[in-house]
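*Asks:* Quick one: the structure is below, and I'll ask about it shortly.
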Amino acid sequence: MMNINLSQSIGLFSIAGLGLAACSQPAAEKPKTKPNIVYIMSDDHAYQAISAYGHGLNKTPNIDRIAEQGAIFTRGFVSNSICAPSRAVMLTGKHSFVNGKVDNVQPFDWNQMSFPKLLQQNGYQTALIGKIHLDGLPQGFDYSAVLPGQGHYYNPDFIINGEKKRLDGYVTDLTTEMSLKWLKERDPEKPFCLLYHQKAPHREWLPAERHYKEYTGMTFKEPETLFDDYKGRGTAAKEQEMNVLKDMNWAGDSKIRPEVMDELGIPQTLTWDKAAYTNNLGRMDEQQRAAWDAVYDPIVEDFARKYPSMNEKELMQWRFQRYMQDYLGCIASVDEGVGQLLDFLEENGLAENTIVVYTSDQGFYLGEHGWFDKRFMYEESFRTPLLMMYPPEIEPGTVVDELVQNIDFAPTFLDYAGVDIPQDVQGESFRRLVSGESSVWRDAIYYTYYEYPSIHMVKRHYGVRTDRYKLIHFYYDIDEWELYDLENDPQEMTNVYDDPAYADVKQMMHERLTELREKYGDSDANDQRFLKAYLDVVNN
């Protein structure tokens with residue numbers, strides 16, 4: 001492992017030869033100049049934490065610029081709310097049970113076709129910089145600089161074109177700097193596709209110094225359902241391990257020093273609780289650690305004084321504020337990076353012919369139902385932020401309300417690039433939808449989740465969502481169905497599956513679920529096959 005300067009980390013890149021992909025869906029008429037593509041993906045960035053969505057939790061002025069100058073999607077969803085599978089879906093345009101990456105355990109086959117490969121074969125120069133969370137050397141990119149696994153916030157390792165190197169600095173800033181450097185050194189005569197992927201705001205949340213100094217002094221509004229008791233839900237909601245008070249790590253997440261935990265008699269939440277704190281802060285240099293301790297030590301000392309007399313409600317409220325301070329502090333750096341990139345495009349005359357997308361690998365709970373993390377088909381984790389700009393076709397201030405899903409990214413980018421969309425891609429191009437050229441679109445989307453039993457203990461399930469209703473089947477160690485009327489119950493507090501008033505809706509939703517499982521090629525046999533593969537790995 002080497003310590004190097006950023007200027008040494010990016011080498012020359014080569015461009016693959018031209019080729020053509022198999023076609024089944026007609027692409028749009030090819031533009032005279034192929035558009036550039038900048039796909040920005042953060043990790044675990046809840047739509048509630050983007051100010052353009054109007055929740056008032058924080059401010060993201062630069063991400064908001066994309067919505068102001070382009071479009072905001074109010075119903076952007078994922079097909080499997082967990083990190084690595086979501087990225088595999090994005091690359092391939094196929095559901096997890098088709099591309100094979102159903103959970104964070106199964107391997108991802110880089111040899112299969114992906115939209116970056118097709119763009120590369122058709123004259124695009126391509127780069128992947130930041131987090132991908134898929135093992136193996138990325139394929140389809142002339143240049144790659146990716147974090148191993150989850151990566152680290154401070155002084156992170158990057159695998160740069162296959163070589164592991166340690167860089168000094170803060171991961172969000174480094175990812176932005178490398179992305180801008182690649183853009184500056186690209187071949188200006190060729191179109192480009194840059195996948196600019198931030199680690200933040202993934203757990204455990206360590207903001208940059210400039211932001212933790214600000215955000216640790218802030219107080220945030222509690223969600224209405226912070227103290228949810230799950231009376232209206234089934235076993236899965238009651239048995240999860242995602243509660244902010246009960247299931248967050250005290251050291252790794254809330255930043256309580258391990259020795260203070262011992263003094264107060266606070267046990268580790270998970271076996272790696274204290275290790276997460278030690279390992280994450282252990283990557284800091286002396287100056288970084290001193291700055292951190294100067295801010296966080298007083299917080300811990302104040303907590304230690306109050307802890308003996310705090311009740312459960314007060315502890316939940318304290319932990320929620322600590323969570324929001326660090327989580328939103330991490331997002332502040334992401335927003336700054338988006339601003340730098342947008343400024344670069346404008347200053348270099350690239351903004352007019354560049355598609356810019358901002359999204360996350362899935363949604364995230366910010367205290368709703370008392371939770372953090374994702375995984376469930378419930379709205380906060382199922383839904384993801386999606387904002388997009390492309391001046392030639394997208395009017396500023398556009399709002400898209402249709403059910404768009406992450407299987408749609410690959411065909412959409414291929415469509416814009418004038419590249420034929422392979423027959424086995426399961427998503428659809430939303431190019432004409434966002435431009436306003438067509439309003440014809442799907443009326444239902446399909447979801448799967450497989451990683452159980454595992455951390456957070458969210459049970460295996462699949463389901464269908466329409467504009468108004470959602471039907472979920474939890475299986476494996478239970479067999480329970482949940483039905484929600486999202487118009488009358490947007491927070492999904494009451495399962496109406498057995499309510500006689502919804503008998504016709506239940507029948508209709510079962511029919512839609514069967515249609516989508518047949519359309520996409522999913523089945524109970526798939527569920528059992530992936531269950532066996534998962535258990536084989538975790539048990540051995």
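The values are calculated or read from the model by the stated rules, or taken from the named source; none is laboratory data. No experiment lies behind these values; they were computed from the predicted model shown. Reconstructed Cβ throughout: ideal geometry from the backbone, glycine too, with neighbour counts over all protein chains shown.
*Asks:* Against the condition part of a loop (DSSP other than H, G, I, E, B), more than 29 Å from Tyr449 (Cβ to Cβ) and at pLDDT 95 or above, how does Gly363 come out, does it pass?
*Replies:* no
*Asks:* Further question on the same structure: Here is a list: Glu379, Glu428, Glu402. Which entry is surrounded by fewer than 24 Cβ atoms within 10 Å (Cβ to Cβ), closer than 22 Å to Lys34 by Cβ, in contact (Cβ under 8 Å) with a residue 12 or more places away in the chain and touching a strand residue (DSSP E or B) at 6+ places or on another chain (Cβ under 9 Å)?
*Replies:* Selected residue: Glu428, the only one of Glu379, Glu428, Glu402 that is surrounded by fewer than 24 Cβ atoms within 10 Å (Cβ to Cβ), closer than 22 Å to Lys34 by Cβ, in contact (Cβ under 8 Å) with a residue 12 or more places away in the chain and touching a strand residue (DSSP E or B) at 6+ places or on another chain (Cβ under 9 Å).
*Asks:* Next up: In the list Trp182, Trp205, which residue meets the criterion of being within 24 Å of the chain's Cα centre (by Cα), assigned to a loop (DSSP other than H, G, I, E, B) and either of a type in the set (A, V, I, L, M, F, W, C) or crowded, with 23+ Cβ neighbours inside 10 Å (or both)?
*Replies:* Sole residue among the options that is within 24 Å of the chain's Cα centre (by Cα), assigned to a loop (DSSP other than H, G, I, E, B) and either of a type in the set (A, V, I, L, M, F, W, C) or crowded, with 23+ Cβ neighbours inside 10 Å (or both): Trp205.
*Asks:* Follow-up. Quick test for you: out of Tyr447, Tyr475, Tyr484, Tyr469, pick the one residue that is free of Cβ contacts under 8 Å to residues at least 60 places away in the same chain, out of contact with any Cys (no Cβ under 8 Å at 6 or more places or on another chain), buried (at least 17 other Cβ atoms within 10 Å of the Cβ) and closer than 22 Å to Val105 by Cα.
*Replies:* Of the residues listed, the single one that is free of Cβ contacts under 8 Å to residues at least 60 places away in the same chain, out of contact with any Cys (no Cβ under 8 Å at 6 or more places or on another chain), buried (at least 17 other Cβ atoms within 10 Å of the Cβ) and closer than 22 Å to Val105 by Cα is Tyr475.
*Asks:* Would you pick out the residues in the stretch 155-174 that are out of contact with any helix residue (DSSP H, G or I) (no Cβ under 6 Å at 6 or more places or on another chain) and not in a loop (DSSP other than H, G, I, E, B)?
*Replies:* Within the stretch 155-174, Asp157, Phe158, Ile159, Ile160, Glu163, Lys164, Lys165, Arg166, Tyr170, Val171, Asp173, Leu174 qualify.
*Asks:* Could you tell me whether Asp489 is without any contact (Cβ under 8 Å) to a residue 12 or more places away in the chain, surrounded by 14 or more Cβ atoms within 10 Å (Cβ to Cβ), under 22 Å from Val78 (Cα atoms) and over 22 Å from the mean Cα position of the chain (by Cα)?
*Replies:* Judged against the criteria, Asp489 is a match.
*Asks:* Ok, one more. Pairs, please: C-beta under 6 Å, at least 6 apart or cross-chain, first residue in contact (Cβ under 8 Å) with a residue 12 or more places away in the chain and aliphatic (A, V, I, L, M) and in the stretch 335-348, second crowded, with 22+ Cβ neighbours inside 10 Å and assigned to a helix (DSSP H, G or I)?
*Replies:* Close Cβ pairs satisfying both conditions: Val338/Ile63.
*Asks:* Within the stretch 229-272, take every residue that is farther than 17 Å from Met457 by Cα and assigned to a helix (DSSP H, G or I) and give me the one that is nearest to the chain's Cα centre (by Cα).
*Replies:* Filtering first and then ranking leaves Pro258.
*Asks:* Quick one: which of Gln528, Gln507 is more than 12 Å from Phe97 (Cβ to Cβ), outside any loop (DSSP other than H, G, I, E, B) and either of a type in the set (Asp, Glu) or at pLDDT 95 or above (or both)?
*Replies:* Answer to the selection: Gln507.
*Asks:* Hey, another quick one. Only one residue in Leu147, Leu194, Leu174 is over 12 Å from Leu128 (Cβ atoms) and in contact (Cβ under 8 Å) with a residue 12 or more places away in the chain, so which one is that?
*Replies:* Being over 12 Å from Leu128 (Cβ atoms) and in contact (Cβ under 8 Å) with a residue 12 or more places away in the chain holds for just one of Leu147, Leu194, Leu174, which is Leu174.
*Asks:* Quick check on my filter: what residues within the stretch 515-525 are more than 28 Å from Met457 (Cβ to Cβ) and in a helix (DSSP H, G or I)?
*Replies:* Glu515, Glu518, Lys519
*Asks:* Looking at (1) in a helix (DSSP H, G or I); (2) in contact with a Gly (Cβ under 7 Å, 6 or more places away or on another chain); (3) closer than 18 Å to Ser360 by Cβ, which one does His133 not meet, given that it meets all the others?
*Replies:* The number of the failed condition is (1).
*Asks:* Also, I was wondering about something else. So which residues in the stretch 47-78 are among the polar types (S, T, N, Q) and either over 20 Å from Leu195 (Cα atoms) or modelled with pLDDT under 95 (or both), if there are any at all?
*Replies:* Selection gives Gln48, Ser51, Asn58, Thr60, Gln69, Thr74.
*Asks:* May I ask you to list the residues in the stretch 30-82 that are farther than 25 Å from Met377 by Cα and in a helix (DSSP H, G or I)?
*Replies:* Pro61, Asn62, Ile63, Asp64, Arg65, Ile66, Ala67, Glu68, Gln69
*Asks:* Collect the residues in the stretch 366-393 that are under 18 Å from Ile50 (Cβ atoms) and outside any strand (DSSP E or B), keeping them in residue-number order.
*Replies:* Once the filter is applied, which keeps residues that are under 18 Å from Ile50 (Cβ atoms) and outside any strand (DSSP E or B), the stretch 366-393 yields Leu366, Gly367, Glu368, Phe372, Lys374, Glu379, Glu380, Ser381, Phe382, Thr384, Pro385.
*Asks:* Still on this model: Please go through the stretch 168-193 and give me each residue that is of a type in the set (A, V, I, L, M, F, W, C) and within 17 Å of Phe158 (Cα to Cα), ordered by number.
*Replies:* Val171, Leu174, Met178, Leu180, Trp182
*Asks:* What is the one condition in (1) touching a strand residue (DSSP E or B) at 6+ places or on another chain (Cβ under 7 Å); (2) over 21 Å from Phe372 (Cβ atoms); (3) assigned to a loop (DSSP other than H, G, I, E, B) that Ala200 does not satisfy?
*Replies:* For Ala200, the exception is condition (2).
*Asks:* Among the candidates Tyr277, Tyr327, single out the residue that is of a type outside the set (S, T, N, Q), touching a Phe, Trp or Tyr at 6+ places or on another chain (Cβ under 8 Å) and part of a helix (DSSP H, G or I).
*Replies:* When all the criteria are applied, what remains is Tyr327.
*Asks:* So which residues in the stretch 33-89 are on the phi > 0 side of the Ramachandran plot and free of Cβ contacts under 8 Å to residues at least 60 places away in the same chain?
*Replies:* Within the stretch 33-89, Gly54 is the sole residue that qualifies.
*Asks:* Here is a follow-up. Within the stretch 498-514, can you find the residues that are free of Cβ contacts under 8 Å to residues at least 24 places away in the same chain, surrounded by fewer than 17 Cβ atoms within 10 Å (Cβ to Cβ) and not aliphatic (A, V, I, L, M)?
*Replies:* Asp498, Asp499, Pro500, Asp504, Gln507, Glu511, Thr514
*Asks:* Could you say which residue among Glu209, Glu189 is acidic (Asp, Glu), touching a helix residue (DSSP H, G or I) at 6+ places or on another chain (Cβ under 8 Å) and more than 30 Å from Gln491 (Cα to Cα)?
*Replies:* Just one listed residue meets the conditions, Glu209.
*Asks:* Contact list please: Cβ distance under 8 Å, first residue in the stretch 115-128 and of a type in the set (D, E, K, R), second residue surrounded by fewer than 23 Cβ atoms within 10 Å (Cβ to Cβ) and at pLDDT 95 or above, pairs at least six apart or on different chains.
*Replies:* The qualifying pairs are Lys117/Gln139; Lys117/Gly140.
*Asks:* Name the residues in the stretch 460-485 that are of a type in the set (A, V, I, L, M, F, W, C) and under 24 Å from the mean Cα position of the chain (by Cα), would you?
*Replies:* Hits for the stretch 460-485 are Val464, Leu471, Ile472, Phe474.
*Asks:* Taking the stretch 280-296, which residues are more than 25 Å from Leu366 (Cβ to Cβ), in contact (Cβ under 8 Å) with a residue 12 or more places away in the chain and either not aliphatic (A, V, I, L, M) or not in a loop (DSSP other than H, G, I, E, B) (or both)?
*Replies:* Within the stretch 280-296, Arg283, Asp285, Gln288, Ala291 qualify.
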